[in-house]
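Note sheet for the following structure.
Read the figures in this text as sums done on the coordinates, not as results from a lab. In this text, all values refer to a predicted model and were calculated from it rather than measured experimentally. Here Cβ is always computed from backbone atoms with ideal geometry, including for glycine, and neighbour counts include all displayed protein chains.
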Amino acid sequence: MLSLKNGTYTNSNNILFIDWLSKWLGNYAKPNIKLATYTSYETYIRGHLKPYFSNIKLQSVSAEMLQKFFNYKQNNGRLDNREGGLSTKTLKNMYNMLHASFKQAYINGLVQTNIVETIRTPKIFRKEMRVLTREEQNKLIHVARNYRLGIVVILDLFTGMRLGEILALRWCDVDLKGQNLIVRNSIKRLSTHEKVSKNQNKTKLILDTPKSQTSYREIPLLSPIVKELKTHRKKQKIEIQLAGKFYINKDFLFCNQIGEPYDQKTFWKEYSLMLIDAGLRDKKEKPIRNKIKKNIKSKPKSHADKVQVTFHTLRHTFATRAIEQGMEIPVLSKILGHADISTTLNKYCHAIPDRKRENMEKIECLYDDSLDGGI
């Protein structure tokens with residue numbers, strides 16, 4: 001099959017599947033996706049698809065071959081040499097990438113149909129949500145005050161921001177007088193694909209755009225939080241003076257003693273100590289990101305112990321407390337930066353009190369007593 005593209009003929013019969021994916025990623029996807037997404041897609045192609053499909057031509061790839069690939073990756077083939085397969089979310093992301101690439105291949109006349117549409121991937125089940133009790137929340141706030149980065153925890157419990165968004169905050173994003181802040185960026189550590197060792201790549205810290213368009217948002221700050229931030233700023237100015245010429249002022253709210261921003265992994269180390277001091281995590285318990293599922297029998301635990309406290313727990317806790325205190329769902333949705341109000345409702349419906357009787361009574365005044373005998 002021959003196709004005309006940009007004034008040149010291309011013999012699609014000779015295009016390798018991997019070559020097309022690389023071309024699609026660079027020419028079609030890269031201009032329209034975030035850097036973090038591009039890095040993930042590049043890893044999928046180089047680390048997962050290339051070894052599996054190697055020299056197979058694009059037109060030779062069948063739906064059955066792709067389905068076997070997904071089935072295999074569901075159970076095996078992690079790149080970090082850990083047990084088990086890829087997560088359901090990663091498989092779904094890989095599916096979306098392949099679907100988009102085959103759609104473009106069809107538009108370009110390189111394939112006759114988008115075979116990815118026939119592929120079945122595992123369903124994504126909503127993870128059980130961990131929300132701090134009010135007692136746990138107060139305990140964590142008390143403990144956080146003893147840590148240099150404790151202000152990050154306190155700020156999140158009263159804004160519900162994502163960790164990457166908080167660590168990316170700069171003082172130019174915060175209006176202490178007007179008592180609000182603007183979410184403009186998210187900080188991420190991405191692989192450069194340069195080898196440090198056999199199983200480890202070099203990485204770099206980048207300021208990326210937030211998760212979605214609705215993630216760009218203004219968040220009002222409570223007076224006590226403004227006071228906390230002012231105290232934090234005074235401490236930071238003292239550190240700047242102590243560091244002298246070694247301080248690199250990049251305007252970050254949360255940085256090390258010489259001004260360099262924190263990445264999420266570095267912050268997690270101090271956050272883990274806070275959780276231990278607050279009794280929310282066992283000293284021997286590994287962070288959830290490093291856990292490997294093993295068939296180990298253990299004594300029954302309470303519901304609170306079963307679901308590990310992560311940083312995202314603070315976001316869930318903020319949203320739950322806000323609803324309990326009567327915050328309107330549309331307002332909460334905007335503060336959280338959700339793309340749609342339905343996302344907020346689906347996630348936090350557990351916190352919405354059942355007020356059917358109370359609300360039904362609001363229309364009782366519409367009932368006409370003269371109809372009483374006719375019903």
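Here the peptides 218-224, 255-261 are ranked by packing, the mean other Cβ count within 10 Å, and the order with the highest first is 255-261, 218-224.
Checking (i) 261; (ii) 164; (iii) 152 against the coordinates, the calculated volume of the Cα convex hull per residue in Å³ falls under label (i).
If you average the C-alpha positions of the range 34-97 and of the range 203-269 separately, how far apart do those two centres end up, in angstrom? Cα centroid to Cα centroid, the span is 36 Å. If you line up the long axis of helix 134-144 against the longest principal axis of the chain, both from Cα atoms, how many degrees apart are they, to the nearest 10? The answer is roughly 80 degrees. Protection proxy ranking, highest mean first, for peptides 117-124, 15-22: 15-22, 117-124, where packing is the per-residue count of other beta-carbon atoms within 10 Å, averaged. Look at Met327, Met274 and count the other Cβ atoms within 10 Å of each Cβ; fewest to most, that gives Met327, Met274. The sum of -39500 (n - 2.57) across all DSSP H runs of n ≥ 4, divided by the residue count of the chain, sets its helix-only mean residue ellipticity at 222 nm to -12000 deg cm²/dmol. Counting other Cβ atoms within 10 Å as a rough exposure proxy, the listed residues Arg357, Arg134 run Arg357, Arg134 from fewest neighbours to most.
With the simple spin-label model, which puts each label point 7 Å out from Cα in the Cβ direction, the Asp354 to Asn76 separation comes to 4.9 nm. Annotation: for a label point projected 7 angstrom from Cα along Cα→Cβ of Ile56, residues of the range 66-96 with backbone N closer than 19 Å are 66-79, 86, 91-96. How charged is the neighbourhood of Leu66? Take every other residue with its Cβ under 13 Å from the Cβ of Leu66, and add Lys/Arg as +1 and Asp/Glu as -1. Once all neighbours under 13 Å are counted, the net charge is +1. For Asn256, the shell of other residues with beta-carbons less than 10 Å away shows a net charge of -1, using +1 for Lys and Arg and -1 for Asp and Glu.
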